[in-house]
Amino acid sequence: HIVSSTLSLSVAGPYLKNEQAEHGPEEKEIPVIVQAICTAAKNISDTLRRGDFTGAGRNTCNSSGEIQHALDIYANEQFIASLTNCGECAALVSEECDDILVLNPGGQYLAAIDPLDGSSNTGVNMSLGSIFSIYRNNIGETPVPGSLSDSTGQLAAGYILYGPATVLVYTTGDGLNGFTLDPASGNFLLSHPGIHIPASGYSYSVNEGNYSLFPSGVKDFIRHCRPGKAACSARYSSRYTGTMVADIHRILFHGGIFIYPALLPAFPEGKLRLLYECRPMAFIIEQAGGKASDGYRRLMDIEACRLHQRTPVFIGSPILVSLAESLIAGAH
Ligand code: AHG
Ligand code: MN
Ligand code: MN
Ligand code: MN
């Protein structure tokens, strides 16, 4: 499999240390670039634990038109520094940088990063995340370097959830594993081997404040989830934190569906970005047996033409994503 031959998951090394690994499978070289991501994540986690950042940012906006909080900027700087120092990252696409950043021209990888996911939750002690996607660096430049335009070059993807515990969930295409940061040793220890999502579930995760802007098929799905008059109708719970990483992490273990649809007419592509939010999350969820779609087609088949391209996203338990797609298809 292209991914496992190029970027193998390792449970050894200073960051992804599996206590069983010392007596378990042979230790494999952990990709230097993943160690760099873990280094940045550890620094961000330590800073969050101290509650250092509640301040405003520099009154600047990113390419998506979002205010950059101080923590957005700090997290971005952490990833840029560690990915530069590792020497393996040729270039970086970041939510917080307008253009692609060239780091180490000879590097064999490209990275796409959401340095801080859930920024609206900064300063109120809610869960936050970071999302990453790693590609082999092919030759040739287009507005989006050739390596990033389609997902076949995506070698690895993962997220870090800064919650009560700091957890790394990561795949190289050979299944999905979770590692919990041990604050005492500074190691990410294998804690959730072989994550598999429930085929269905009874929670839906969407910002219902936008209901009136949803396409009609999405409204049909939401009405299906809401408690119906008939006592026999399935009862779903609504769970939405404002941090995609936290909502999807819950869905990976409990089942359910996360939706950020088009908001008509202003945002026909929705809000979330393809390269550093939706495509890595799609890779992750598929590796857990889940499904990720834009409502019509497999999300991993969407071509990236722009660095900050948005896409509607329906992701989670395969039965629920398929149900949403069928209601969207049947909507008039
Ligand atoms: P980011 O903080 O990286 O910009 O991402 C925020 C995203 C995602 O984490 C979350 O699910 C969604 O925006 C929340 O958007 P709304 O506040 O519009 O619901
Ligand atoms: Mn943002
Ligand atoms: Mn985000
Ligand atoms: Mn972000």
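The values are calculated or read from the model by the stated rules, or taken from the named source; none is laboratory data. On a predicted model such as this, the values are computed, not experimentally measured, just so you know. Methodologically, a virtual Cβ is constructed for each residue, glycine included, from the backbone with ideal geometry; neighbour enumeration extends over all protein chains shown. All accessible areas refer to the heavy atoms of the entire protein, side chains included, with ligands and DNA or RNA removed. Shrake-Rupley method; radii C 1.70, N 1.55, O 1.52, S 1.80 Å.
Taking the criterion of being open to solvent by 30 Å² or more (accessible area, probe 1.4 Å) and modelled with pLDDT under 85, the residues of segment 54-66 that qualify are THR54, GLY55, ALA56, ARG58, ASN59, THR60. Here's a check for you: in segment 105-151, which residue that is touching an Asp or Glu at 6+ places or on another chain (Cβ under 7 Å) and part of a loop (DSSP other than H, G, I, E, B) is nearest to ligand 3 (Cβ to nearest atom)? Among them, the one singled out is ASP150. Restricting attention to segment 187-209, the residues being open to solvent by less than 10 Å² (accessible area, probe 1.4 Å) and more than 21 Å from ILE319 (Cα to Cα) number 1.
Close Cβ contacts (under 6 Å, 6 or more residues apart or on different chains) running from residues in segment 237-250 that are modelled with pLDDT of 95 or more to residues that are surrounded by fewer than 16 Cβ atoms within 10 Å (Cβ to Cβ) and part of a helix (DSSP H, G or I) comprise GLY242/SER120.
Only one entry of HIS249, HIS308, HIS254 meets the criterion of being within 21 Å of GLY129 (Cβ to Cβ) and within 16 Å of ligand 2 (Cβ to nearest atom), and that entry is HIS308. Checked against (1) touching a Pro at 6+ places or on another chain (Cβ under 9 Å); (2) within 15 Å of ligand 2 (Cβ to nearest atom); (3) open to solvent by 40 Å² or more (accessible area, probe 1.4 Å), ASP98 passes all but condition (1). Of the residues making up segment 115-155, just one is near ligand 1 (Cβ under 9 Å from one of its atoms) and at pLDDT below 90, namely THR122. Listed by position, the strands (runs of 3 or more DSSP E) enclosed by segment 213-332 that each have at least 1 residues that are open to solvent by 30 Å² or more (accessible area, probe 1.4 Å) are 291-293. Scanning segment 180-189 turns up no residue that is in contact (Cβ under 8 Å) with a residue 12 or more places away in the chain, part of a loop (DSSP other than H, G, I, E, B) and within 16 Å of ligand 2 (Cβ to nearest atom). Being over 17 Å from the mean Cα position of the chain (by Cα), within 27 Å of GLY146 (Cβ to Cβ) and touching a residue at least 24 places away in the same chain (Cβ under 8 Å) is the filter here; which residues of segment 296-332 pass it? Scanning segment 296-332 gives TYR296, GLU303, CYS305, ARG306.
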